[in-house]
Amino acid sequence: MVYYHEVRKDTYYDSITLMLFSGALSAAEGVKNASVMMGTAHNKDLMQKAGILSPEGAAEAGPNDMIIGVLAESDEAVAAALSELEKQLNSSGEDKAADDGALVQKARSLDSAIRQVGGANFAIVSVPGKYAAAEAMRAMRRGLHVLLFSDNVTIENEIRLKDYAVEHELLLMGPDCGTAWVNGTAFGFANKVRRGGISLAAPSGTGLQEVCVIIDRLGGGIAQALGTGGRDVKEEVGGRMLLMELKALNADPMTKVIGIVSKPPADDVLRKIIDLTRTFSKPVVACFLGGNRDMVRGSGIGFADTMEDCAKMLVSLCDGVSFPEDDPHRYDALADAEIALYTPEQRYVRGLYSGGSLCYEGILLAEKIVGPVYSNITSGDYCLRDPETSVENTFIDMGEDYFTDGMPHPMIDTRQRVARIKKEALDPTVAVVVLDCVLGYGSNPDPAGALAAAVEEARKLADERHVTYIASCCGTYADFQDRAAQEDKLRRAGILVADCNAQAAKMAAAILKRLNAGRNA
Amino acid sequence: MNGLNKLFTEDLRCVNLGLEIFCDAAVEQGTPCVQVEWKPPAGGDPRLLMVLEWLEV
Amino acid sequence: MKQIVKEANDRAVAKLKNAMPFWVDVKSAHEALGIDRYTVLHAGPPITWEKMCGPMRGAVIAALKYEGLAADNDAAVALAGSGKIRFEPCHHHGAVGPMTGVTTWSMPLICVENRENGNFAYSTFNEGAGNVIRFGAYDDGTVRRLHWIEDTLGPVMKKFVQESGGVNLKAVIAQSLNMGDELHMRNAASTNLFIKTILPGLAASCEDLSVLRDVIRFITTNNDQFFLNYAMAANKSAADAAHGIPYSTIVTAMARNGVEIGIRVSSLGDRWFTAPAAAVKGLYFSGYSEADANRDIGDSAIMETGGVGGMTIAAAPAIVRFLGAGTYKDALSFTADMYEITHGESEQYTIPNLDFRGSPIGIDIARVVSTGITPVINTAIVSKEPGVGMIGAGISRAPIELFTQALLCYGKEVAGLDLSVQ
């Protein structure tokens, strides 16, 4: 094994670009492991643990330097990998052509970018957390509304930013806001949806995505779908951004109905939301995942148990359409068919999700049937000690920090989930596996393809033991991955395709209910 | 008219600081977006960042 | 920008932009600057004799011989190192000098009046090519030339300019920018324009025909940079007017002594912020290479300080060959970068190739640190051997350390921040 490292001083690339470089290096022939990272203490640690950086190399590099670390079979392999990297480095600096041949414009500074675009009104900020608050503030000082995608922003900074935003009547969606639709444009991880009269304000990112794609599927359309950042409805932040957004949506002529998608707000914040929306002329529907309808009793706010219900209620109110109630026996026949194929050992469900809210909704629906489930996103007794190892009924959010530290998010890169599917398949106690498949901007070009291949391989690894795979696509037929084609790929691999995330969880729950009933009888 | 409501009536013109995919996606949807060639200001030195913050650069 | 700082910078840039530099007189250094016989002024930030680079030491030797303070080279060296000579930057006395910039008691100086602000700035006359103290030569011919400048050129120029009522230097600079000069490395148009401007008055005022012939030969032969010294004094007069504005983060001096480069900032008083002078990257004349080069030297970075030179490479396509692997696109890109780090745009100095956009003026230390873009300086490359002279030309970049140091100082002294808590 040949080890090679190189430190390039004062050389900065963003995290996604670096991951692409790392991928290219790792894939080169004869390379066992390789990575290109910025020299922060954390990254140097990761690289050293992976055996691709020596202590000497680590000492050379500072946080603004780029480190290349390679472990390969031979010097030639190292040289070949490096020359591949050079090609990537050289091409990444060039102007890219957009599909219509127009050059994507670049600017050396915020001010010249604002000038170049002809006077900006909106900024998307996704720089590393350490710098994100300052950049968001700079944008707002110049009168720009902000989508703050970055996380690792302190709560003090969040409050400071939002106070400024509220005072100056600017949007500050974030920190850690990954999804929004403003004036019909999808930002971050978002989908192509119809324009219409439904608006939403949501601390939840994938929650917002799921509700919006269901609305689109049901024939409704979105006026505005605004993020607030996950911490906005906690007591310290006090719902600052949510309240400002709700007010604006109530005053927006295009908006007919308003939805809120979030985990239950802090008591104080909930009170403020209720007091505010009481004055509204438009109906409000809230999906407080993990909450209950008592929270809004007497307030006039409609309560949705699931994101699907939230979408249905909003479309109903907006377009006057009505939807039938869920049939509690919808999946009975399917459940009977599945349980007939299990071995006596198979009894558990595993949920492997790329979206946090999708995972959480899955947990809530599964718990109704099987009781508490283990997870990496809940606290207390059922918090998974080791996220790599499932215990009994387990639902995992693979977009959580543990999995995304130094690795791309599972919505972008399917490798970690693919590996986990195979691992779960080898567990003889697993009966059902639930997956999400997120489409749209920012997401992997073919998540269904990767999941389907993984499932087929998993089946072989499990010696054809029957495991029920259930998936739902969080996407629309207009997304570039094409939901129809994605669902086809899943079905062809023997994966059961549910309408949406809630239905996927309900399907899994129905199977487990029949399974447990059968065994306990 | 509130600033947010005003935004809802305007054509979006965006600037992007960070991951280029966001800029590409906006442009693909016909929304003008310019990518800022961002790197950590002041080489990340916290003292310099403090002065720049004070200056509101 | 914080309002109070923005306003201060607006004022500083206004001073830079609205300066009205006129060549009004010629005086000896001691008459103009009040220095004594044992003071030797030099280019760049403060430096001791021991630390000086070869060319500057050569220039000092020549000057001491010229002033009659030393009979030969050995005596000059001994005197220079004796402690009896006070070495100070030209900048401290309202003067600027290209390359070694050595200026002493008897030398006649171009006197420039900034009529907008009432202050004066000074520079020696450009000696031309060959053995000159500008490049550190110190042989007899060099000293003889200095005497000729004092005895002949000086008085002729003095008589002319006094009779003329003053020569508008800004007009020459502005026109030359529109004729392919950038006023630092390339003064072909400006020198020619200047000579054309002064020739009638010069001819009328100099009654001795043979003297006139000598003077005309001097300024038209092997002296393409003759106007540089005027332009430098003009920019110095503008920059000094912009200095001393509380809260302003604008650079009011940028200068190299061949060993170190330094900047001064409007609100930070007399302080120099220094770093090792850069190596110049560029094109070498036949037979020379980087191994022969001295580091960046001269007060001529006052040109960039005043919104021309490296700021306006886009205006001078003829010099792109000197920009490393340069193409015209690179020239545009350099100037585009300079807009990112300057506070204003000059209405009078315009760049035809950018649709007559005003040149980037007023280097802002905060913008430099925030963007990481450092000022580009167009410059000649001089040999480290005293007297050999120019061996090429290219660009250097003022190191970021100058600006980070200045910004930290600003943070502590102007903003009153406690920067120790990190």
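The values are calculated or read from the model by the stated rules, or taken from the named source; none is laboratory data. Since the model is a prediction, treat every value here as computed from it, not as a measurement. Cβ sites come from the backbone with ideal geometry, for glycine too, and all protein chains shown count toward neighbours.
Checking each residue of segment A:404-416 against the condition of being modelled with pLDDT under 95, part of a helix (DSSP H, G or I), farther than 20 Å from A:L515 by Cα and not β-branched (V, I, T) gives at least one match. Selection of segment A:253-275 for residues being more than 24 Å from the chain's Cα centre (by Cα) and not in a loop (DSSP other than H, G, I, E, B) yields A:V257, A:D267, A:D268, A:V269, A:L270, A:R271, A:K272, A:I273, A:I274, A:D275. Scanning segment A:156-181 for residues that are among the charged types (D, E, K, R) and either out of contact with any Gly (no Cβ under 7 Å at 6 or more places or on another chain) or more than 10 Å from chain B (Cβ to nearest Cβ) (or both) yields A:E156, A:E158, A:R160, A:K162, A:D163, A:E167, A:D176. Looking only at segment A:128-149, residues that are at the interface with chain B (Cβ under 9 Å from one of its Cβ atoms), at pLDDT below 95 and within 15 Å of A:C177 (Cβ to Cβ) come to 0 in all. Out of curiosity, is A:K87 of a type outside the set (V, I, T), surrounded by fewer than 23 Cβ atoms within 10 Å (Cβ to Cβ), over 29 Å from the mean Cα position of the chain (by Cα) and part of a strand (DSSP E or B)? Considered against the rule, which asks whether it is of a type outside the set (V, I, T), surrounded by fewer than 23 Cβ atoms within 10 Å (Cβ to Cβ), over 29 Å from the mean Cα position of the chain (by Cα) and part of a strand (DSSP E or B), A:K87 comes out as no.
Within segment C:253-266, the presence of at least one residue that is part of a helix (DSSP H, G or I), out of contact with any Lys or Arg (no Cβ under 6 Å at 6 or more places or on another chain) and touching a residue at least 12 places away in the same chain (Cβ under 8 Å) is confirmed.
Within segment A:187-216, the residues that satisfy the criterion of being basic (K, R) and in contact with a helix residue (DSSP H, G or I) (Cβ under 9 Å, 6 or more places away or on another chain) are A:K192, A:R194.
Do we find a residue being surrounded by fewer than 16 Cβ atoms within 10 Å (Cβ to Cβ), small (G, A, S) and not in a loop (DSSP other than H, G, I, E, B) anywhere in segment A:297-304? Looking for residues that are surrounded by fewer than 16 Cβ atoms within 10 Å (Cβ to Cβ), small (G, A, S) and not in a loop (DSSP other than H, G, I, E, B), one finds none in segment A:297-304, hence no.
Taken as a whole, the structure leaves C:S237 outside the set of residues that are within 14 Å of another protein chain (Cβ to nearest Cβ) and part of a helix (DSSP H, G or I). Within segment A:411-421, is even one residue more than 16 Å from the chain's Cα centre (by Cα), at negative phi and free of Cβ contacts under 8 Å to residues at least 40 places away in the same chain? Yes, that holds for at least one residue. Note on segment A:328-375: among residues that are among the β-branched types (V, I, T) and not in a loop (DSSP other than H, G, I, E, B), the one that is surrounded by the most Cβ atoms within 10 Å (Cβ to Cβ) is A:V349. The requirement of being over 25 Å from A:G440 (Cα atoms) and either free of Cβ contacts under 8 Å to residues at least 24 places away in the same chain or more than 7 Å from chain A (Cβ to nearest Cβ) (or both) is fulfilled nowhere in segment B:20-29; no residue meets it.
Give me the residue from segment B:30-45 that is within 7 Å of chain A (Cβ to nearest Cβ) and among the aliphatic types (A, V, I, L, M) and, out of that set, surrounded by the most Cβ atoms within 10 Å (Cβ to Cβ). Looking at the filtered set, the residue picked out is B:V36. Would you check if C:F334 is more than 14 Å from chain B (Cβ to nearest Cβ) and closer than 30 Å to B:W54 by Cα? When the stated conditions are applied, C:F334 passes them.
Looking at the structure I just gave you, is B:L48 in contact with a strand residue (DSSP E or B) (Cβ under 7 Å, 6 or more places away or on another chain), at pLDDT 95 or above, assigned to a helix (DSSP H, G or I) and within 7 Å of another protein chain (Cβ to nearest Cβ)? So B:L48 does not fit the description; no.
Does segment C:220-231 contain any residue that is touching an Asp or Glu at 6+ places or on another chain (Cβ under 9 Å), under 20 Å from C:P317 (Cβ atoms) and polar (S, T, N, Q)? Checked segment C:220-231: no residue is touching an Asp or Glu at 6+ places or on another chain (Cβ under 9 Å), under 20 Å from C:P317 (Cβ atoms) and polar (S, T, N, Q). The residues listed here are C:T48, C:T39; of these, the one that is of a type in the set (V, I, T) and touching an Asp or Glu at 6+ places or on another chain (Cβ under 7 Å) is C:T39.
The rows are residues; the columns are (1) touching a Lys or Arg at 6+ places or on another chain (Cβ under 8 Å); (2) of a type in the set (S, T, N, Q); (3) in a strand (DSSP E or B); (4) more than 11 Å from A:G406 (Cα to Cα).
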residue	(1), (2), (3), (4)
A:E6	no, no, yes, yes
A:D10	no, no, no, yes
A:I16	no, no, no, no
A:L20	no, no, no, yes
A:K32	no, no, yes, yes
A:V36	no, no, yes, no
A:K44	no, no, no, no
A:G51	no, no, no, yes
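The residue of segment C:341-377 that is nearest to C:Y247 (Cα to Cα), among those that are away from every other protein chain (no Cβ under 12 Å) and in contact with an Asp or Glu (Cβ under 6 Å, 6 or more places away or on another chain), is C:P375. On the stretch given as segment A:458-486, residues that are surrounded by fewer than 20 Cβ atoms within 10 Å (Cβ to Cβ), at pLDDT 95 or above, in a helix (DSSP H, G or I) and not aliphatic (A, V, I, L, M) total 0.
Picking from residues in segment B:9-44 that are touching a helix residue (DSSP H, G or I) at 6+ places or on another chain (Cβ under 7 Å) and in a loop (DSSP other than H, G, I, E, B), the one that is modelled with the lowest pLDDT is B:P40.
So in segment A:1-14, with the set limited to residues that are within 11 Å of another protein chain (Cβ to nearest Cβ) and crowded, with 17+ Cβ neighbours inside 10 Å, which one is modelled with the lowest pLDDT? Per the criteria, the residue is A:D14. Suppose we keep only residues that are within 9 Å of chain B (Cβ to nearest Cβ) and among the β-branched types (V, I, T) within segment C:389-413. Which one would you say is surrounded by the most Cβ atoms within 10 Å (Cβ to Cβ)? Once the filter is applied, the top-ranked residue is C:T404.
One line per residue, one yes/no per condition, for (1) hydrophobic (A, V, I, L, M, F, W, C); (2) at pLDDT below 95; (3) over 27 Å from the mean Cα position of the chain (by Cα):
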{"site": "A:A248", "(1), (2), (3)": "yes, no, no"}
{"site": "A:A251", "(1), (2), (3)": "yes, no, yes"}
{"site": "A:T277", "(1), (2), (3)": "no, no, yes"}
{"site": "A:K282", "(1), (2), (3)": "no, no, yes"}
{"site": "A:A311", "(1), (2), (3)": "yes, no, no"}
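When you check C:A78 against the structure, is it hydrophobic (A, V, I, L, M, F, W, C) and in contact with a Ser or Thr (Cβ under 9 Å, 6 or more places away or on another chain), yes or no? No. The residue of segment A:479-521 that is farthest from A:K460 (Cα to Cα), among those that are polar (S, T, N, Q) and out of contact with any strand residue (DSSP E or B) (no Cβ under 9 Å at 6 or more places or on another chain), is A:N520.
The requirement of being more than 7 Å from chain A (Cβ to nearest Cβ) and either touching a helix residue (DSSP H, G or I) at 6+ places or on another chain (Cβ under 8 Å) or on the phi < 0 side of the Ramachandran plot (or both) is satisfied by B:K6.
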